[in-house]
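Worksheet: the structure to be examined is printed underneath.
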Amino acid sequence: MAFFRKRQENAQASSFNPDADPYAVLENVGLEMTGHQVLQDISLKLSERRIGIVGLNGSGKSSLIRLLNGLRLPTSGDVRVFGADTKTVQRDLPRYVGFVFQNPDHQAIFPTVEEEIAFGLTQLGASKTEAVSGARVFLERHGCAHLGPKPFADLSEGQKQLICILAVLVMKPKLLVLDEPMSSLDGLATRRIQNLIAALDQRIIMISHDLSLLTSYDRVLWMEGGRLRMDGSPQDVLPAYEADISARADIPVDGDAF
Amino acid sequence: MNDRTLVQIAFYAALTAALGLLPKLAIPVAGGVPVTAQTLGIMLAGVMLGPVRGALAILLFLFLVALGAPLLAGGRGGLGVFQSPGAGFILAWPIGAFVAGLIMQKTASWRVLPAAALAATVGGIGVVYLFGIPGLAYLADMSLAKAATGSAVFIPGDAIKVVVAAVVAETVARGLPRALLSRS
Amino acid sequence: MISLYLPGASWCHRLPARLKLILLAVVSMAVFPVQDFWILSALLALTLLAYSSLGKGGLQQVKALRPMGAMLAIIFLLHAVTGDWREGVVTIERLTALILLANLVTITTRMDDMMEAVMPLFAPLSWLGLSPRKPALAVTLVLRFAPVLLSVYSSLREAYQSRSGKRTSWRLMGPFMLQALAMADNVAEALTARGGAEGFGARDTSVLPVRN
């Protein structure tokens, strides 16, 4: 049984094309969760190297990027990532699409930094000893060798997010999806993580409430109420989004508006 | 077994460990017998996860104890625990969690509070003493009656834990229904 | 990692973990029916000798008995009051020797090695289509969750105290579970996001091994 399943998965994995352009295609995508329409009518072709996503809380940003890593499957329409339908390759997607969570404490699975990094390598078939030595080499390469034996809980916020990003990068994904990775960081840590991300070869899709982080991006998507409200260059989208927020903030409201 | 199930099993094993480590949760009961919250973990694992997953969570906890983690109340752990006079009680825990989970499933038409109270009583007290007392009698070379008398001091504390387990199950059923895996 | 392991390099540390486990099982089964005071005394003396041979602090490790002291005392009293005190002595001797022998294996074997020694027991999981990796992963998850649970509880207690003045209450257990379960869900999602508990089927030669 297990043998059969594994072979089947490999056959499906082979339908990935890491050079597909566009690398992600969404067609009439809808997502319903617990009777609630979280996303509707989304059609997109993504081929830019740096894509930012903006929108208010609850606008569907997080759900949208979860579709790309297979954490959610669309309830209607199709999502194709690197040429493969996410419904059939769900389990193999994390190999190509790395996902960085908003809160590093939610992402870390293991007690120590070294184990956290090594996990990615064992996922790719490394033995335990290979993975541990590989993790050490990788941490050293990124100037973090001294953090290896530390308990994850003892790190600073910036270090935690750094380790979370490295834990994903060690698997060499082709696309890195980040869900507000800077929201818990101070100014300095934000800049450092920003520089780290900017220097990566990987394609990047990042959600951010800090619009200044997205000004150099190739494309920005603006989500509202589960739909795509605007799609274009940061020079067009970011000022429009900001103007919309300012206009709405000054209208007197009741608690429902929050 | 999917990722969420594995994480849930590990979660209740960790909860049982944490309950043994929380000094604040120790209840002073008549007779001065120190009662820890650890068996609350057994009851909750069964009530919340259902029979198989509940029993696996407690087996996982005991596996860690056997490996040498000092997770039993009072910082006990290691293989010595399984040779101690109380080994019967400890080995009955996974069975207790299993029975509690089974009762939750069989009483699926009941409200959560009474069902969880019944499950925790039968699984967390009934089954545990059913195996624990003969175990104690055997390991300590004494009569069943004597072993039962020696164990009875813990019953009031266990009764309090039944109430807590039932209230917690009810709270979770209202606040996060999908976490009550024994009913889904 | 929290563990009862006593770092050292004594003869007992060097014995393979699996051999120690098998020896413990054999000795335990052999000793169980023994009722003779002298044989048990000799066994106890040998056990203590083994502890002292561990080097500095070895004999101190007999402290593992302390949490069981009350229970052992009650058992002895029950024997003494209602029967033969000599029977009580023999029972306590046997229990003490067995507990100490088992504890000897625990304190001289690293948790990793113990895990490695019992891994073959999990091999049958693969017949069911489950990965034998799962028990090891589950163990790591428990060790990661336990301290997080304690910190969730303490921050909840603080919030409770700030508005009630009382230090703690059993009523916190419900809200505690809700918060802790939400945290567990996040970890489950993080695990799935990185390929799940089973990992990917094939070995990825483009990434492994990692070299500088």
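Observations, loosely collected:
- Assessment of segment C:30-47 against the conditions (over 26 Å from B:GLY75 (Cα atoms), among the polar types (S, T, N, Q) and in contact with a helix residue (DSSP H, G or I) (Cβ under 8 Å, 6 or more places away or on another chain)) yields at least one matching residue.
- From the list A:VAL113, A:VAL100, A:VAL89, the lone residue that is touching a Cys at 6+ places or on another chain (Cβ under 7 Å), buried (at least 18 other Cβ atoms within 10 Å of the Cβ) and among the β-branched types (Val, Ile, Thr) is A:VAL100.
- Scanning segment A:69-96 for residues that are over 23 Å from A:GLY35 (Cα atoms), within 9 Å of chain C (Cβ to nearest Cβ) and touching a strand residue (DSSP E or B) at 6+ places or on another chain (Cβ under 9 Å) gives A:ASP92, A:LEU93.
- Flag if B:PRO70 is part of a loop (DSSP other than H, G, I, E, B) and modelled with pLDDT under 90: yes
- Complete set of residues in segment C:43-90 that are under 23 Å from C:PHE32 (Cβ atoms) and β-branched (Val, Ile, Thr): C:THR47, C:VAL62, C:ILE74, C:ILE75, C:THR82, C:VAL89, C:VAL90
- Residue satisfying all of: in segment A:123-137; over 21 Å from the mean Cα position of the chain (by Cα) and facing chain C (nearest Cβ under 7 Å); nearest to C:ALA197 (Cα to Cα) among these: A:GLY125
Yes/no per residue for (1) under 23 Å from the mean Cα position of the chain (by Cα); (2) more than 10 Å from chain B (Cβ to nearest Cβ); (3) farther than 22 Å from A:THR112 by Cα:
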| residue | (1), (2), (3) |
| --- | --- |
| C:ARG94 | yes, no, yes |
| C:ILE99 | yes, no, yes |
| C:MET115 | yes, no, no |
| C:LEU141 | yes, no, no |
| C:PHE145 | yes, no, no |
| C:LEU150 | yes, no, no |
| C:ARG157 | no, no, yes |
| C:ARG163 | no, yes, yes |
| C:ARG167 | no, no, yes |
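- Count of segment B:1-36 residues which are modelled with pLDDT under 80 and hydrophobic (A, V, I, L, M, F, W, C): 10
- All of A:LEU221, A:LEU178, A:LEU185, A:LEU196 fail the test of being in contact with a helix residue (DSSP H, G or I) (Cβ under 9 Å, 6 or more places away or on another chain), free of Cβ contacts under 8 Å to residues at least 40 places away in the same chain and outside any helix (DSSP H, G or I), apart from A:LEU185.
- Of all residues in segment C:41-65, those that are within 22 Å of B:PRO85 (Cα to Cα), of a type in the set (A, V, I, L, M, F, W, C) and free of Cβ contacts under 8 Å to residues at least 60 places away in the same chain total 8.
- Hits in segment A:45-60 (condition: crowded, with 20+ Cβ neighbours inside 10 Å and within 20 Å of A:ARG80 (Cβ to Cβ)): A:ILE51, A:ILE53, A:GLY60
- Taken residue by residue, segment B:103-117 has at least one member that is among the aliphatic types (A, V, I, L, M), within 24 Å of B:ARG183 (Cα to Cα), touching a Lys or Arg at 6+ places or on another chain (Cβ under 8 Å) and surrounded by fewer than 19 Cβ atoms within 10 Å (Cβ to Cβ).
- Some residue of segment A:145-152 being surrounded by fewer than 22 Cβ atoms within 10 Å (Cβ to Cβ), touching a residue at least 60 places away in the same chain (Cβ under 8 Å) and assigned to a loop (DSSP other than H, G, I, E, B): no
- Here segment B:118-144 is the region considered, the condition is being within 14 Å of chain C (Cβ to nearest Cβ) and aliphatic (A, V, I, L, M), and the residue that is surrounded by the fewest Cβ atoms within 10 Å (Cβ to Cβ) is B:LEU144.
- Just one of the listed residues (C:ALA30, C:ALA102, C:ALA97) is part of a helix (DSSP H, G or I), modelled with pLDDT of 85 or more and surrounded by fewer than 15 Cβ atoms within 10 Å (Cβ to Cβ), and it is C:ALA30.
- Meets criteria (in contact with a helix residue (DSSP H, G or I) (Cβ under 8 Å, 6 or more places away or on another chain), crowded, with 23+ Cβ neighbours inside 10 Å and more than 9 Å from every other protein chain (Cβ to nearest Cβ)) for A:ALA118: yes
The values are calculated or read from the model by the stated rules, or taken from the named source; none is laboratory data. Note that the structure is a prediction, hence the values are computed from the model and not measured. Cβ: placed from backbone, ideal geometry, glycine included. Neighbour counts: every protein chain shown.
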